[in-house]
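Every number here is computed from the coordinates shown, using simple stated rules; none is lab data. All of these numbers come straight from a predicted model, not from anything done at the bench.
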Amino acid sequence: MVKYFLGQSVLRSSWDQVFAAFWQRYPNPYSKHVLTEDIVHREVTPDQKLLSRRLLTKTNRMPRWAERLFPANVAHSVYILEDSVVDPQNQTMTTFTWNINHARLMVVEERCVYCVNSDNSGWTEIRREAWVSSSLFGVSRAVQEFGLARFKSNVTKTMKGFEYILAKLQGEAPSKTLVETAKEAKEKAKETALAATEKAKDLASKAASKQQQQRQHFV
């Protein structure tokens, strides 16, 4: 069984402003659980869409009952992969995120679509979907309930963080163009992409191996 979440939010800022704020939202007072962010890949396609993959590290505080199930040396950080597609012509941005470690305990997959609000062109609408699953035998339902509750709490923090960054950006120069944004990010990507990619591959490999071992265990 998978826990499903569907929600819609509205930011009272234009799509261009939200797009600019999206890449600058860390750090903010509501995102102290976000420790690092690294660009793994970024490119502008021939049809002027911006494709990005980022690796984020977040704290992963477990409930007390879950801590009893795992050794004390288990990492308390979770690694998140975030893929995004920005379409400036149609003014949409779609993001996909999922955790690549602690997958045996819980997997949280999220899909967000940012678009112009149909009632007010100066506002931005966010449609958010999430799937919370667990393969932990015997306590999967409790884990999913906990994961869903934490996800909803983090959504509230995310929106407050967005509003905080958008407020800071008010009155600044017009947002950079898509190509300029990608060009500047390319320099940073050169420094971090290799290390981040290797880290992501290693974590993904370990997660896949653990899942395979788990499947064999229950067969």
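Before moving on, here are some points about what is shown:
- Close amide H pairs (under 5 Å, H built 1.01 Å from N) link Leu35 with Thr57, Lys58, Thr59, residues at least 5 positions away or on another chain.
- Backbone phi angles across segment 134-147, fed through the Karplus curve with coefficients 6.51, -1.76 and 1.60 (θ = phi - 60°), yield HN-Hα couplings of 8, 10, 6, 4, x, 10, 4, 5, 5, 5, 5, 4, 4, x Hz in residue order; Gly and Pro are listed as x.
- Expressed as a whole percent, the proportion of Cα-Cα pairs in segment 2-170 lying more than 29 Å apart is 22%.
- Under the Karplus curve 6.51 cos²θ - 1.76 cosθ + 1.60, θ = phi - 60°, whole-Hz ³J(HN,Hα) for segment 118-123, x wherever Gly or Pro sits: 5, 8, 8, 5, x, 10
- Using θ = phi - 60° and Karplus 6.51 cos²θ - 1.76 cosθ + 1.60, couplings along segment 22-39 (whole Hz; Gly, Pro as x): 4, 7, 10, 7, 10, x, 8, x, 9, 10, 5, 7, 8, 8, 9, 9, 10, 7
- When the convex hull of its Cα atoms is viewed from all sides, segment 98-177 shows a mean projected area of 7.3 nm².
- Calculated on alpha-carbon atoms, Rg and Dmax of segment 100-144 in Å: 16.2, 48
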